[in-house]
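Report on the structure given below.
The values are calculated or read from the model by the stated rules, or taken from the named source; none is laboratory data. Everything numeric here is computed off the predicted structure, so don't read it as measured data. Glycine gets a Cβ as well: all are built from the backbone with ideal geometry, and neighbour counts include every protein chain shown.
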Amino acid sequence: MSVLFLNLEAPVFADVPHPKHNLAPLDLGTAMASVSERGHTVDFIETSTGEINLETLTGRLRSDPAELVVIRPSFEALPHAPTLATAACANERTILWVGPPASHAADWLLSRCPSSLVSTGESDRVPLAVLQALHGKRPRKDILGIAFRDGEQIVRTPPRPLEQNIDRLPIPRHDLLLQPNYRFHYPLKPKGPLKMGYLLASRGCPYSCIFCSEVERASFGKPYRHHGPGRIASEMRLLSELGATGVYFEDDLFALDKPRFLALADAIRCSRGDLSWCAQVRASDIDAEIAQALKGAGCTSVACGIETGSDRLLKLLKKGTTTAANESGVRALNDAGIQVVAYLIIGIPEETPDDRRATLRLAEELKASMVQLHIFASYPGTRAMDDYPELGAQGGNKFIPAPTRSDRDDLLQLQRDFYRRFYLRPDRFVQHVWRRWPQLWANPGGEIRNAMHLVRHALNLGS
Ligand code: SF4
């Protein structure tokens, strides 16, 4: 049988005003591997890079011979998803929605696409289970971890047991995930033209920050599970053989659990070849030894959720850390020569002018190579959505404030002013170009496009 996998992102419907890089959908990569291991034919369409327009995609979905179409919509693309499902439904084929946003919006999707199926948990093996049921003419109710419509009723089958030993999952189809021209903007030093590969060394996060939602995380939900160092070493070698020059670890907590991290860093050091890589960490997990191990393993940069310069707001966000611990982690990274990408948030509920000033001051003082200034948004499935539904209920995301916010224009202006100050200050601009030289050399078109996008956003010139 043949299966078409579609990563459905907002750029296929409209230009995205805030510059954003792309992350490969590694959960689709694992699902594609599990399906192709059983001899089925697999094809993959990526829409996040903006290289395919809606008309072409609709035509492709109508004419594709696949018997099963697996669609992974992002949170931002979700409202448009049913439009495409109509095209994908041609030829009486089966549509399966996967990924955290689809799982959260299962009832909504089934009310608009009544004949489709929705995966309600981790979906690595769900497409294969659907194929096996279709092939064996077994009823949908026998497939674990899905929801479907039966008349007016929505039926949810029992959850699929979580894979505790994630090394048992197949290696994602990196060959397919390396085909799209993924844009990536965190600092790297690739040897040769930039070709991004993506990895997950762990899944999940044990913390409970009130704003953080599975629907926008690439690293799955709550339970923390990790791959062994040998598995990650094999994937690094594979990516190198397939022609990747840069790697991004999509984990949320790359350095959680120091002994495990040190073993992993050692495995990466021995296997990475020429790959330049970066990852996401919690700044408060970083000490001098971890920072040096990152450097020794070839890590160029890390991204950290600093969130705010106010300890009171860190408590409100239930971040479980302090500004002092965050600053100490960033200092250790700077000392080791690892470039830092800092994520900060403005517009947090109960944020006073002093808190906001502290956040913007911290953003300037951290000596970060890049700062992403997010605007607080409530996502489905978060404590924030329960407590502050007006801050996201109508489509707000971390870059664009919810239309219902009375301070929407102020926040956008503040964000633009900050970017202008941060990136265009002459000394920082020169430093920025100097630090980014390897990436500029490796990916001149992408770097210039991104810089123009950021400047247009900062100057409010539209897309
Ligand atoms: S923000 Fe980071 S630490 Fe907090 S829950 Fe999300 S992934 Fe975990």
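Overview of results
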read-out	value
Test result for Gly347, in contact with a helix residue (DSSP H, G or I) (Cβ under 7 Å, 6 or more places away or on another chain), touching a residue at least 12 places away in the same chain (Cβ under 8 Å) and surrounded by fewer than 17 Cβ atoms within 10 Å (Cβ to Cβ)	no
Long-range neighbours under 7 Å by Cβ, at least six apart or interchain, first residue part of a helix (DSSP H, G or I) within the stretch 230-253, second within 16 Å of the ligand (Cβ to nearest atom) and among the aliphatic types (A, V, I, L, M)	Ile232/Ala201
Test: residue in the stretch 423-439 that is of a type outside the set (Lys, Arg) and crowded, with 20+ Cβ neighbours inside 10 Å	yes
The stretch 191-203 residues that are touching a residue at least 12 places away in the same chain (Cβ under 8 Å), paired with ones that are among the basic types (Lys, Arg) and surrounded by fewer than 24 Cβ atoms within 10 Å (Cβ to Cβ) (beta carbon under 6 Å, 6 or more apart)	Arg203/Arg225
Members of the stretch 193-216 that are touching a helix residue (DSSP H, G or I) at 6+ places or on another chain (Cβ under 7 Å), at pLDDT below 90 and either part of a helix (DSSP H, G or I) or within 16 Å of the ligand (Cβ to nearest atom) (or both)	Glu214, Val215
Conditions (1) surrounded by fewer than 23 Cβ atoms within 10 Å (Cβ to Cβ); (2) in a loop (DSSP other than H, G, I, E, B); (3) within 16 Å of the ligand (Cβ to nearest atom): number failed by Gln280	(2)
Odd one out for Glu67, checked against (1) over 22 Å from the mean Cα position of the chain (by Cα); (2) farther than 21 Å from Pro127 by Cβ; (3) touching a residue at least 60 places away in the same chain (Cβ under 8 Å)	(2)
Filtered residues of the stretch 81-94 (kept if buried (at least 24 other Cβ atoms within 10 Å of the Cβ) and either closer than 21 Å to Leu134 by Cα or at pLDDT 90 or above (or both))	Ala88
Every residue from the stretch 77-111 that is of a type outside the set (A, V, I, L, M, F, W, C) and touching a helix residue (DSSP H, G or I) at 6+ places or on another chain (Cβ under 7 Å)	Pro82, Thr94, Gly99, Pro100, Pro101, His104
The listed residue being within 23 Å of Ser63 (Cβ to Cβ) and buried (at least 21 other Cβ atoms within 10 Å of the Cβ), out of Leu117, Leu134, Leu78, Leu109	Leu117
Residue within the stretch 218-229 that is within 23 Å of Ala33 (Cα to Cα), of a type in the set (A, V, I, L, M) and touching a helix residue (DSSP H, G or I) at 6+ places or on another chain (Cβ under 6 Å) present	no
Strands (runs of 3 or more DSSP E) contained entirely in the stretch 89-172, each with at least 3 residues that are within 21 Å of Val42 (Cα to Cα)	94-97, 117-119
Of all residues in the stretch 244-277 being closer than 22 Å to Ser208 by Cβ and among the acidic types (Asp, Glu), the one that is nearest to the ligand (Cβ to nearest atom)	Asp252
Residue match in the stretch 153-168 (condition: aliphatic (A, V, I, L, M), surrounded by 19 or more Cβ atoms within 10 Å (Cβ to Cβ) and in contact (Cβ under 8 Å) with a residue 40 or more places away in the chain)	yes
Extreme residue, nearest to Thr308 (Cα to Cα), among residues of the stretch 217-234 that are within 16 Å of the ligand (Cβ to nearest atom) and modelled with pLDDT of 90 or more	Tyr224
